[in-house]
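Enquirer: Quick one: this structure, given as structure tokens, is what I'll be asking you about.
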Amino acid sequence: MSLQSQRVLNAIRLLNLFAIFLRLGLTCFGGPIAHLGYFRAEFVVRRAWLTDSAYADLVALCQFLPGPASSQVSMAVGLMRAGLPGLCLAFIGFTLPSAVLMVTFALMLDRVGGLGGAGWVAGLKAAAVAVVCHAVLGMARSLCMEKRTTSIALCAAILAVCLPGSGGQLLAIALGAFAGYVLLHAVTGSAGDPFPPLGISRRMAVGALALFAAGLLLLK
């Protein structure tokens, strides 16, 4: 295959990836938690880019990071599929529709008179509950197949409900990881499903971490 043909194929692949995330950005309603349900249906069930186990690991990792987990998951999947260009296109494709709509609604807000009591907004929120429940049930069938994993999931759910907010979620994930290490280490006996190669060097990863740390120091 010639170099020119390879470039054309790479461009088509990137455009296809952008189109996938643009479609998700146009159709994913309900906020970051609901987005994760849409992502599972797209990347695990429909396209088989990730297994349920790998997707759950990715979501758990992104929950530890600052910012909306759905945006981080979208960028991670884009990175897995097409490297740094894929990461950038995934971020733009997924966030551009909501950014455009937000600016549009902001400009029209005076005429609309507020959206808090709009019936269609309430309908979208109600539908998002069903989407999240469907994703949770689908992951539970694959990840909670015996008593110990089911018990860990139930305890994490109770903790997250009793301690609402990101703090409770992080604590539930951390305690779940510890419980899994203690109770399931001998059962699993494997490292789980590996992620696809990311094409990111250790030097670049360390540089990104240093940049993040520098940003935190500048904010103090």
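Enquirer: Which of the following residues is surrounded by 12 or more Cβ atoms within 10 Å (Cβ to Cβ), among the small types (Gly, Ala, Ser), at pLDDT below 95 and part of a helix (DSSP H, G or I): Ala11, Ala34, Ala19?
Expert: Ala34
Enquirer: Taking Val182 and the conditions (1) modelled with pLDDT of 85 or more; (2) closer than 26 Å to Ala41 by Cβ, which numbered condition does it fall short on, given that it satisfies the others?
Expert: All conditions are met except number (2).
Enquirer: Among residues belonging to region 61-71 that are assigned to a helix (DSSP H, G or I) and aliphatic (A, V, I, L, M), point out the one that is nearest to Phe94 (Cα to Cα).
Expert: Ala69
Enquirer: State whether one or more residues within region 110-122 are under 30 Å from Ile12 (Cβ atoms) and surrounded by 11 or more Cβ atoms within 10 Å (Cβ to Cβ).
Expert: No; the residues of region 110-122 include none that is under 30 Å from Ile12 (Cβ atoms) and surrounded by 11 or more Cβ atoms within 10 Å (Cβ to Cβ).
Enquirer: Considering only region 37-71, state which residues are surrounded by 16 or more Cβ atoms within 10 Å (Cβ to Cβ) and out of contact with any helix residue (DSSP H, G or I) (no Cβ under 9 Å at 6 or more places or on another chain).
Expert: Asp57
Enquirer: Of the residues Ser74, Ser53, which single one is polar (S, T, N, Q), at pLDDT 95 or above and part of a helix (DSSP H, G or I)?
Expert: Among Ser74, Ser53, only Ser74 is polar (S, T, N, Q), at pLDDT 95 or above and part of a helix (DSSP H, G or I).
Enquirer: Take the conditions hydrophobic (A, V, I, L, M, F, W, C), in a helix (DSSP H, G or I) and at pLDDT 95 or above and apply them to Ala90. Does it pass?
Expert: yes
Enquirer: Additional query: For region 131-146, which residues satisfy the criterion of being in contact with a helix residue (DSSP H, G or I) (Cβ under 6 Å, 6 or more places away or on another chain) and of a type in the set (Val, Ile, Thr)?
Expert: Val131, Val132
The values are calculated or read from the model by the stated rules, or taken from the named source; none is laboratory data. On a predicted model such as this, the values are computed, not experimentally measured, just so you know. As a convention, Cβ positions derive from the backbone with ideal geometry for all residues, glycine included, and neighbour counts pool all protein chains shown.
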